[in-house]
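What follows is a single structure, written as C-alpha cells, with notes after it.
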Number of protein chains: 2
Amino acid sequence: MSDINQFNITQKVKDSFETEPDSRFEKILHSVIDHLHDCTRELNVTHDEWMGVLNFLYDCGQISTPERHEFILLSDVLGFSALVDMINTRGGATEGSNLGPFYLDDAPEKKLGANLADDREGVTVLVHGTVTDILHKPLPGAIIDTWQADATGTYPIQEQEQGQDKMDLRGKFTCDEQGRYYYTTVLPKPYTVPYDGPVGKLLRAGNRHAWRAAHLHYIVRAQGMHDITTEVFFENTEYIDNDAVFGVRKSLIAKLEPAKKIDELGFETEKKPDAMFKFDFVLAPESKKR
Amino acid sequence: MSDINQFNITQKVKDSFETEPDSRFEKILHSVIDHLHDCTRELNVTHDEWMGVLNFLYDCGQISTPERHEFILLSDVLGFSALVDMINTRGGATEGSNLGPFYLDDAPEKKLGANLADDREGVTVLVHGTVTDILHKPLPGAIIDTWQADATGTYPIQEQEQGQDKMDLRGKFTCDEQGRYYYTTVLPKPYTVPYDGPVGKLLRAGNRHAWRAAHLHYIVRAQGMHDITTEVFFENTEYIDNDAVFGVRKSLIAKLEPAKKIDELGFETEKKPDAMFKFDFVLAPESKKR
C-alpha cells in the first residue's frame with residue numbers, strides 16, 4: 001500500500017470510482033473532485049470552515065421542499081444558473097436566461113391579441129415581435145410560452161391561498177404565418193428572491209440585495225429548432241445593472257414605446273394598451289444530443 | 001452597463017459581494033466561485049446535468065436529520081474530510097483522521113487498565129502507548145478519549161433501541177506520570193457507511209463499496225497542545241487499502257502482537273487480553289488561531 005497524502009489523495013479518490021473511461025459521468029466526477037480538492041488545498045481549509053460549508057448545505061436541504069429548491073436559488077445568486085444558460089446558448093440564437101421557480105408546463109392556450117392580465121392594475125402593454133431562425137426566416141406555428149409577475153411583483157401562483165388562480169398571467173401563443181406574435185398584459189415589477197433562508201443569510205453576509213429586475217419569462221419552441229428559455233427586461237428600470245441572479249443581458253433588454261405607434265401595426269387586441277415593446281426571438285436548429 | 005458573458009460573469013459575481021477586502025470570508029467565497037465556475041465552463045455543463053447536480057444536493061438535504069448528515073458523508077467518500085484532516089495535521093504530530101458521526105463529548109472517565117468491553121464477544125486486546133510532544137517528552141495528564149464499534153462492526157449508539165447503552169465502548173483515560181495509557185477492549189470489525197441514500201447511489205454508480213477498515217477512534221488532548229482527532233487501524237485487515245472514506249494512513253496502522261508479551265509490560269488490567277498493540281500519540285504545541 002502506497003501512503004496517502006494531501007497531494008496524491010485527489011488521484012486516489014478519482015481512481016476509487018470504476019467509471020466507464022471518458023464517459024460523461026467520469027468527466028463530471030473527475031472535474032468536480034479536481035476543482036474542489038484544489039480549492040480546499042489552496043485555502044488551507046480548517047475543520048471549522050469545512051463544517052461551516054457542510055452545515056450551510058445541510059441548512060439549504062432542511063429549508064427545501066417540493067415548492068422551494070434552495071439549491072437552485074444558491075446556484076442563481078452565485079451565477080451558476082446564468083453561466084449554464086450562457087454556455088448553452090446557440091450561436092446566433094436569442095440568449096438564454098433563468099427559468100426560475102414558477103414555470104408551469106400546462107399554461108392555457110391563448111389567441112393572438114388576447115389580454116393576459118384581465119382587469120389587473122398596472123400599465124397595459126402590447127408585447128409583439130417575430131420568431132425566426134438564425135437566417136431571419138419566419139417560423140409560423142412557433143409557440144411562445146410566457147409567464148410573469150404582476151404590477152406588485154407577485155406571481156399569482158404565490159397567492160393561491162388568497163384566491164388567485166395559478167394560471168393567471170400565463171399563456172401559450174401560436175405565431176401567425178409571418179412568424180409574428182402579439183398580446184397585451186400588465187408590465188411586471190421587480191421582486192425579491194426568497195431571502196428568509198440560508199441563501200438569504202449568505203446575501204446579507206455579503207451586503208447583497210435580493211431584488212430581480214422586472215422581467216417577462218419565455219420558453220419559445222418551433223419544429224426542428226432548439227427551444228430557448230429566456231427572460232425579457234426593460235430599459236432603464238430598477239436593478240437592470242445588478243439583478244440578484246445575473247439574468248440580464250444587453251440583448252434581452254426591450255425598449256418601451258408610447259402607445260400612439262400601435263395603430264401603425266394593425267394588430268387587433270382584446271384590450272387597448274398604454275405602451276408597447278417589440279422583442280424578436282431567434283431559434284437555432286436542433287443539434288444531435290451528445 | 002457593460003454586458004455580461006460566460007467569461008466575465010465570474011468576476012461580476014465576486015464583485016456583487018461587498019466583503020471585507022482580504023477577509024477569510026472573501027477568500028473562501030472567491031475561491032469557491034472561481035473553481036466551480038471554471039469547472040462548469042470546462043465541462044460545458046448542460047441544463048440537465050446542472051439540474052442533476054442540484055437535485056442530488058436536494059436529495060442529500062432531504063435524507064439528512066440531526067442524526068444523519070448526508071453532506072458529511074458526501075465529503076467523506078469524496079476525500080474532502082480526509083484532505084482537511086491532512087491539511088490540518090501539525091508537522092511532527094500524529095496524523096489526523098475522520099471524526100465520524102458517532103462521537104459523544106461526555107464519554108465516562110475510566111481508570112487505566114479498565115476494560116471498555118465488559119463481557120462482549122470478540123478478541124480482547126490490550127491497547128497501550130504514550131502521549132508525548134514532538135520532542136518525545138511525555139505528557140502526563142494527557143486525555144485519551146476513545147470510541148469504537150464492537151466485534152460485529154456496530155456502535156452501541158446505533159442499537160439503543162435494542163437496549164444498548166450509547167456510552168458503551170467509550171471512555172476517557174488520563175495518562176500516568178510517564179505519559180502512558182493502557183486499557184483493554186474488543187477488536188472492532190469493519191462496517192459500512194450508510195449507503196441507502198443519495199451518497200450510496202453515487203457509490204453504486206461508480207462501482208464503489210461502502211466499507212470502512214476496522215478502526216478505533218481517538219481524540220487526544222493535553223494542556224498547551226493542539227488536540228488531535230484520529231483513528232488507529234490494524235495491519236493486514238480488510239479494506240486497509242481501500243477504506244471508503246480514505247481514513248487510513250500508513251502511520252496510523254498498528255501491529256497486533258500475541259498476548260504472551262504482555263507480562264513484560266507490567267500493566268494491571270481488569271481483564272486478561274488475548275492480544276495487544278502499541279500506539280504512541282504525538283501532539284504539537286497549540287498555535288494561535290488565525
Return the residues of the range B:199-225 that are more than 16 Å from the chain's Cα centre (by Cα), away from chain A (no Cβ under 11 Å) and in a loop (DSSP other than H, G, I, E, B); say none if nothing qualifies. B:A222, B:Q223, B:G224
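Matching residues to (1) touching a Ser or Thr at 6+ places or on another chain (Cβ under 9 Å); (2) free of Cβ contacts under 8 Å to residues at least 24 places away in the same chain; (3) under 30 Å from A:H69 (Cα atoms); (4) hydroxyl-bearing (S, T, Y):
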position	(1), (2), (3), (4)
B:F71	yes, yes, yes, no
B:R90	yes, no, no, no
B:E121	yes, no, no, no
B:V125	yes, no, no, no
B:Q148	yes, no, no, no
B:M167	no, no, no, no
If the requirement is being within 30 Å of B:E26 (Cβ to Cβ) and in contact (Cβ under 8 Å) with a residue 40 or more places away in the chain, which of these qualifies: A:T174, A:T184, A:T192? A:T192
Of everything in the range A:53-90 that's in contact with an Asp or Glu (Cβ under 6 Å, 6 or more places away or on another chain), of a type outside the set (G, A, S) and outside the structural domain of A:P198 (by TED's automatic domain parsing), which residue is nearest to B:E26 (Cα to Cα)? A:C60
When B:T192 is run through (1) in contact with a Leu (Cβ under 9 Å, 6 or more places away or on another chain); (2) closer than 20 Å to B:V232 by Cβ; (3) not hydrophobic (A, V, I, L, M, F, W, C), the failure sits at (1)
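To keep it simple, each residue is scored yes or no on (1) surrounded by fewer than 17 Cβ atoms within 10 Å (Cβ to Cβ); (2) touching a helix residue (DSSP H, G or I) at 6+ places or on another chain (Cβ under 9 Å); (3) under 23 Å from B:L73 (Cα atoms).
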position	(1), (2), (3)
B:I157	no, no, yes
B:R170	no, yes, yes
B:Q178	yes, no, no
B:K201	yes, yes, yes
B:W211	no, no, yes
B:E238	yes, no, yes
B:D241	yes, no, yes
Does the range B:46-55 contain at least one residue that is surrounded by 21 or more Cβ atoms within 10 Å (Cβ to Cβ) and in contact with a helix residue (DSSP H, G or I) (Cβ under 6 Å, 6 or more places away or on another chain)? yes
Looking at A:T237, A:T192, A:T230, which one is closer than 25 Å to A:G179 by Cβ, more than 10 Å from chain B (Cβ to nearest Cβ) and modelled with pLDDT of 95 or more? A:T230
Exactly one of A:D59, A:D34 is more than 7 Å from every other protein chain (Cβ to nearest Cβ) and either surrounded by fewer than 16 Cβ atoms within 10 Å (Cβ to Cβ) or under 21 Å from A:L203 (Cα atoms) (or both), and that one is A:D59
Would you be able to say whether some residue in the range A:14-28 is of a type in the set (G, A, S) and within 8 Å of another protein chain (Cβ to nearest Cβ)? yes
Residues of the range B:42-56 satisfying the condition of being within 7 Å of another protein chain (Cβ to nearest Cβ) and β-branched (V, I, T): B:V45, B:T46
Among the residues of the range B:240-271, what is the count of those that are small (G, A, S), within 21 Å of B:Y181 (Cα to Cα) and within 14 Å of another protein chain (Cβ to nearest Cβ)? 1
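Conditions (1) buried (at least 21 other Cβ atoms within 10 Å of the Cβ); (2) more than 14 Å from the chain's Cα centre (by Cα); (3) over 13 Å from A:A244 (Cα atoms), marked per residue:
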position	(1), (2), (3)
A:R68	no, yes, yes
A:S75	yes, no, no
A:L83	yes, no, yes
A:I87	no, no, yes
A:D106	no, yes, yes
A:E109	no, yes, yes
A:A114	no, yes, yes
With (1) touching a residue at least 60 places away in the same chain (Cβ under 8 Å); (2) more than 22 Å from B:A149 (Cα to Cα); (3) small (G, A, S) as the list, and B:G266 as the residue in question, which single condition is left unmet? (1)
Filter the range B:87-108 for residues that are in contact with a Phe, Trp or Tyr (Cβ under 8 Å, 6 or more places away or on another chain) and at pLDDT 95 or above; the one that is farthest from the other protein chains (Cβ to nearest Cβ) is B:A107
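The values are calculated or read from the model by the stated rules, or taken from the named source; none is laboratory data. Predicted model, so just to flag it, every value in this text is computed and none were measured. Methodologically, a virtual Cβ is constructed for each residue, glycine included, from the backbone with ideal geometry; neighbour enumeration extends over all protein chains shown.
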